[in-house]
Amino acid sequence: MTSTDPSARAVIDIVIGTRPEAIKMAPVILELRRRSDFTVRVVSTGQHTDMMRQALGFFSIAPDVDLGIMKRVQSLDYITSSVLTGAGELFDANPPNAVLVHGDTTTTFAASLAAFHRHIPVGHVEAGLRSFDMRLPFPEEMNRVLTDRLAKWLFAPTDQAASNIAREGVMSGAGVYVTGNTVIDALFAALQTVKKRGAPDIPGLEGGSPFILMTAHRRESWGEPMNRICRALLELLTRHEDYMALVPMHKNPLVRDAMRAALGGNKRIVLCEPLDYPDFVWALGGCKIILSDSGGVQEEASALGKPVVVLRDVTERPEAVERGTAILAGSNDARIVETADRLLSDEAEYSRIERRKEDNPFGDGRASIRIADILASAI
Ligand code: UD1
Ligand code: UDP
């Protein structure tokens, strides 16, 4: 529910569209709502439907407004134009004092542009991440750069992200703040729940079997790269006969069809629906290694000291690669197998990576408090 505290000085619209935005903005929403300074309106563009509601549900947050744009097949132009128009109409009908967006999705960029068109200041959470390759991840790298140029408050998760912004410059009057990544705030909340709930019941995942956790969904992975990623998983299971694999599938039909065709029917592979956030965090903690092309998973795994074989050629999270918790393998099946094989076989290397969790670069669980403090003195 929108806070209606009459003493609130300002209305902030928090615009989110996809699962990672929901998870990483939930702690910010909760923190801003805890304070009487702000009326917070949670605006879902509906770029994702059930995946986003599932993520918000864990935090007991429901959108106040839903633009409901999702279609079974949605082009980048469609998402951009419908979010731009929908958010613009909303801001015209009920102008907020500020808009907050997160990360690098098309929702993020289009909502920021709609706010900019109306001279409404934008706060960008998770600003400054760069892979320095506009094609990878696509279109996210461009979305980040454009959103940073449109923003007045740039909340960078790390020093490195802040220095990326410093090199490019910001619009006049804008400020850059290093806050940590709010994903760590969310992760800590989920870990509390995991502690209380214990292991979830995931049909097919036999208790006690060691397992590999895999997720893949990025546009660059669609088609042949996804087939190679699946082949690599099958080869790993052939080499490591005591292992199972847990694969929570993204809702995108292109991804699910490819995964079902390549991996379906194998009793040692559990293909399941997206897991509730704490259940997924349980899986991150419980698996031996992770194969993933996700951005957020690289940060969470790093905080948990769990090695991730990154199914991408470049990453905008170099901090995880520098610490050895993330290892870039791209979508080449031989390279994925070789990288994962080494992690599964070399105990000394594995323990070294595990110990790096003491030195997690992404945050201390207080990022949303810092962001709320900055906004409280700025608005
Ligand atoms: C989007 C973001 C990507 C982010 C990812 C997180 C863009 C261009 N892409 O990619 O940056 O990493 O979300 O997951 O902003 N679908 C459902 N139900 C859902 C969600 C998705 O059925 O709850 C299906 C729909 O058929 C939809 C398709 O998935 O058309 C693709 O969704 P879309 O948001 O276009 O792309 P993602 O790959 O999810
Ligand atoms: N996640 C989840 N359930 C799942 C798979 C992922 O809750 O079944 C969480 C995961 O912990 C991370 C986020 O979703 O916080 C990552 O989302 P996604 O991979 O969709 O997007 P990306 O991070 O690549 O932008």
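We did not get these values from a lab; they are worked out from the coordinates using the rules stated. Worth saying up front: this structure is predicted, and the values here are computed from it rather than measured. Cβ coordinates were reconstructed from backbone atoms using ideal geometry, including for glycine residues, and neighbour counts include every protein chain displayed.
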Query raised in the report: Among ILE184, ILE202, ILE16, which one shows the biggest mean-square fluctuation in a GNM of the chain, springs joining Cα atoms closer than 10 Å?
Result: ILE202
**Report entry** Exposure rule at most 14 other beta-carbon atoms within 10 Å, DSSP loop GluC sites (Glu not before Pro): the chain longest free segment
**Finding:** 1-205
Report task. Determine, from the Cβ-Cβ distance of GLU358 and HIS119 and an R0 of 35 Å, the FRET efficiency 1/(1 + (r/R0)^6), rounded to the nearest 0.05. Result -> 0.20
**Report entry** ASN227-THR49 pseudo-label distance in nm [points 7 Å out on the Cα-to-Cβ vector]
**Finding:** 3.0 nm
Requested in this report: Please identify, among VAL40, VAL73, VAL308, the residue showing maximal mean-square fluctuation in a Gaussian network model of the chain using a 10 angstrom Cα cutoff.
Outcome: VAL73
Query raised in the report: Can you give me the Cα centroid spacing of the stretch 225-276 and the stretch 119-165 in angstrom?
Result: 32 Å
Requested in this report: For a footprinting-style exposure proxy, rank SER75, SER292 by other Cβ within 10 Å, fewest first.
Outcome: SER75, SER292
Query raised in the report: Among SER172, SER82, SER36, which one moves the most in a GNM of the chain with springs linking Cα atoms closer than 10 Å?
Result: SER172
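So if each residue of separation counts as 0.36 nm, and I subtract the Cα-Cα distance between THR238 and ASP77, what length gain in nm does that give?
Numbers: separation 161, 0.36 × 161 = 57.96 nm, distance 4.22 nm.
Answer, rounded to one decimal: 53.7 nm.
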Query - trypsin sites (Lys or Arg not before Pro) restricted to the stretch 32-125 and DSSP loop, no more than 14 other C-beta within 10 Å - result: LYS71, ARG72, ARG118
Query raised in the report: Counting only residues 5 or more places away or on other chains, whose amide H sits under 5 Å from the amide H of VAL178 once H atoms are built in the peptide plane?
Result: ALA156
Requested in this report: Please give the contour-minus-distance gain from ARG219 to LYS267: 0.36 nm per residue of separation, less the Cα-Cα distance, rounded to one decimal in nm.
Outcome: 14.5 nm
Report task. Sort ASP276, ASP257 so that the residue with the fewest other Cβ atoms within 10 Å of its own Cβ comes first and the one with the most comes last. Result -> ASP257, ASP276
Report task. Arrange the following residues from fewest to most other Cβ atoms within 10 Å of their Cβ: ILE79, ILE369, ILE12. Result -> ILE369, ILE79, ILE12
Report summary line: Residues meeting the amide H criterion for MET249 (H placed from the backbone, H to H distance under 5 Å, 5 or more places apart or on another chain) are CYS272, GLU273
**Report entry** the stretch 128-144 - phi-based ³J(HN,Hα) in whole Hz, Karplus 6.51/-1.76/1.60, Gly and Pro as x
**Finding:** x, 6, 9, 9, 6, 9, 5, 8, 9, x, 10, x, 4, 4, 5, 4, 5
Report summary line: Relative contact order as a percentage, the chain, C-alpha pairs under 8 Å and 6+ apart, gives 15 percent
**Report entry** Residue-by-residue Karplus 3J(HN,Hα) for the stretch 179-192, coefficients 6.51, -1.76, 1.60, Hz, glycine and proline x
**Finding:** 10, x, 9, 5, 4, 6, 4, 5, 4, 4, 5, 5, 5, 4
Query raised in the report: In the stretch 126-233, which trypsin sites (Lys or Arg not before Pro) are in a loop and have at most 16 other Cβ atoms within 10 Å, using DSSP for the loop call?
Result: ARG135
**Report entry** Lysine pair number, Cα distance threshold 27 Å (strictly under), the chain, separation 8 or more or different chains
**Finding:** 23
